[in-house]
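We did not get these values from a lab; they are worked out from the coordinates using the rules stated. The structure displayed is predicted, hence computed values, not measured ones. Virtual Cβ from ideal backbone geometry, glycine too; neighbours counted across all protein chains shown.
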Amino acid sequence: MSMNTKIIDCKTHIDEEGLKKCGELLRHGEIGIFPTETVYGIGANALNETAASDIFRAKGRANDNPLIIHIANFDMLKDLVEEPSEMEQKLIDAFFPGPFTLILRKKKNVPSIVTAGLDTVGIRMPENEIARKLIEYANCPICAPSANISSRPSGTKLEDIEEEFDGKVAFMIDGGMTTIGVESTVCKVINGIPTILRPGKITPQDIEAVVGTCKLDSHIFKCATGKVESPGMKYKHYAPNTKALMVYSENEEQMIELVKEHLTENTAIIGFAEHKKYFPNHQFYVYGHINHLDEVMHNIFTLLRQVDHVQADFIIIEGVKKEGLGIAIMNRLIRSVSYNYIEK
Ligand code: AMP
Ligand code: MG
């Protein structure tokens, strides 16, 4: 079914009337696209089963992969989940609002389609003003996965995803490029230890600073099969259409050599600004500067989409050190190259 998709421009200033209308549409069961500080989301009224199922259909998302529920205030939280433990409450106090999703025990009124049958639900309170206002205007919790067709890179600007969803959603709100660029950190307290199921801008160190301990799930840098804590770990993710390889070495010269060894005549490279000069005969896309992993995080998804539009038959991506923000970046890169990855 194709519908007329309304575009709301909030790039330079917030269109309150437009947002209010989008809020009403969500409340009444339509689905629509909106910016958050992490990536764009495709949202629905989380308490409306039909609307939630429309999201799975629009994305082509596997129905065992649960959706995160976005809230605008703490009153919404009480209706969705059981009383958080002391540690969970500390995490909420520290990281809501922000790029942080906490898995909590759900109450009955959360439809099981949203949580893919799990008895837990991921909750996030976005900080982005457009997202917050939209949820306030909708006056209901909004379930929203990343706005991309499943397996494709997440959308960090509307232009990148407009085509994928035109005619499939009631509205798209343009808020310009998202500030962070990768999805939220997903965390679950397991046996009293906060465990990161999906890394993001909030790092293990950030969590340790608040509650003294933090663990990374063992699948963060690996392909997961069978029963996993977070179903999203199992699926193909973030892939450009062109075949891609990632290379990494802690030694900079060795990393440049690794890129050189695997170059074809028509390879596009995604890497550090400082390395562009070594590849004058190739298309080189700068994702950021060495020691500025926030830039890499911000740019990576849009570059993974951009390289599909150039005439390259192969993509080589430079990896980053797996610490701090580098944990989230490498988690996405390893999946975007479908585990085709050389580390020396
Ligand atoms: P996305 O909606 O595309 O940002 O992906 C949401 C991620 O959160 C996926 O990896 C899901 O598997 C994960 N997730 C959502 N809800 C839960 C839950 N209740 N338990 C574990 N992981 C979850
Ligand atoms: Mg996603």
- Query: Within the range 277-344, which chymotrypsin sites (Phe, Trp or Tyr not before Pro) sit in a loop by DSSP and count at most 14 neighbouring Cβ atoms inside 10 Å?
  - Reply: Tyr339
- Query: How far, in degrees from 0 to 90, does helix 129-138 lean away from the longest principal axis of the Cα atoms of the chain, to the nearest 10?
  - Reply: 30
- Given the Cα atoms of the range 264-314, and with Rh set as the inverse mean 1/r over their pairs in the Kirkwood sense, what is Rg to Rh to two decimals? 0.97
- Task: Can you tell me the alpha carbon radius of gyration of the range 62-204 divided by the globular rule-of-thumb value 2.2 N^0.38 Å?
- Result: 1.04
- Fewest to most Cβ atoms within 10 Å: Cys140, Cys223, Cys187 sort as Cys223, Cys140, Cys187
- Note on the structure: Any trypsin sites (Lys or Arg not before Pro) in the range 178-236 that lie in a DSSP loop and have at most 14 other Cβ atoms within 10 Å would be Lys222, Lys227, Lys236
- Can you give the angle from 0 to 90° between the axis of helix 325-336 and the longest principal axis of the chain, with both taken from C-alpha atoms, to the nearest 10? 80
- Query: What ranking of Leu26, Leu263 emerges when the number of other C-beta atoms within 10 Å of each C-beta is taken as an exposure proxy, fewest first?
  - Reply: Leu263, Leu26
- Query: Tell me, what is the FRET efficiency for Asp93 and Glu265 to the nearest 0.05, using R0 = 56 angstrom and their Cβ-Cβ distance as r?
  - Reply: 0.55
- Item | Cut-off 18 Å, label 7 Å out along Cα→Cβ of Glu136, residues of the range 39-76 by amide N | 70-76
- Task: For the chain, give the share of DSSP beta bridges that are antiparallel, in percent and rounded to the nearest 5; count only bridges with both residues there.
- Result: 40
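List the trypsin sites (Lys or Arg not before Pro) in the range 269-331 that DSSP assigns to loop (not H, G, I, E or B) and whose Cβ has at most 12 other Cβ atoms within 10 Å. Which are they?
The qualifying sites: there are none.
Here is the link list: Lys11/Lys260; Lys201/Lys236; Lys133/Lys234; Lys227/Lys321; Lys21/Lys243; Lys168/Lys321. Which ones come out longer than 30 Å on Cα distance? Provide the component values of the computation, followed by the final result.
Numbers: Lys11/Lys260 40 Å; Lys201/Lys236 21 Å; Lys133/Lys234 33 Å; Lys227/Lys321 28 Å; Lys21/Lys243 42 Å; Lys168/Lys321 39 Å.
Checking Cα-Cα distances, Lys11/Lys260; Lys133/Lys234; Lys21/Lys243; Lys168/Lys321 exceed 30 Å.
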- Note on the structure: Relative to the chain, whose Cα atoms define the longest principal axis, helix 16-27 and its Cα axis are tilted in degrees, nearest 10, by 70
- Query: Picking from Ser218, Ser154, Ser184, which is most flexible by a Gaussian network model of the chain using Cα springs under 10 Å?
  - Reply: Ser218
- Item | Computed over the range 231-344, Kirkwood Rh from alpha-carbon pairs, angstrom | 14.0
- Net charge of Cβ neighbours under 11 Å - reference Thr101; Lys, Arg +1; Asp, Glu -1: +2
- Where q = 0.12, 0.15, 0.16 Å⁻¹, what log10 of I(q)/I(0) comes from the Debye formula for the chain, counting one point per Cα? -0.83, -1.26, -1.40
- Message: Please report the antiparallel percentage of DSSP beta bridges with both residues in the range 98-257, rounded to the nearest 5.
- Response: 60
- Summing +1 per Lys or Arg and -1 per Asp or Glu among the other residues with Cβ less than 14 Å from Ile14's Cβ gives -2
- Message: Give the aspartates and glutamates reachable from Lys222 as a straight Cα distance under 13 Å; neighbours fewer than 8 places away on the same chain don't count.
- Response: none
- Task: Could you calculate the contour length gain from Lys6 to Asn191, that is, 0.36 nm times the residue separation minus the distance between their Cα atoms, to one decimal place in nm?
- Result: 62.0 nm
- Message: Using only alpha-carbon positions, what ratio does the radius of gyration of the range 1-87 give when scaled by 2.2 N^0.38 Å?
- Response: 1.23
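How would Thr242, Thr213 line up from fewest to most surrounding beta-carbon atoms within 10 angstrom?
Fewest-to-most Cβ neighbours within 10 Å comes out as Thr213, Thr242.
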- Message: Running a GNM on the chain with Cα contacts under 10 Å, which residue among Asn128, Asn45, Asn266 ends up with the highest mean-square fluctuation?
- Response: Asn266
- Message: So if I place +1 on the C-beta of Lys and Arg and -1 on the C-beta of Asp and Glu, and nothing else carries charge, what would the dipole magnitude of the chain be about its Cα centre? I want it in debye, nearest 20.
- Response: 860
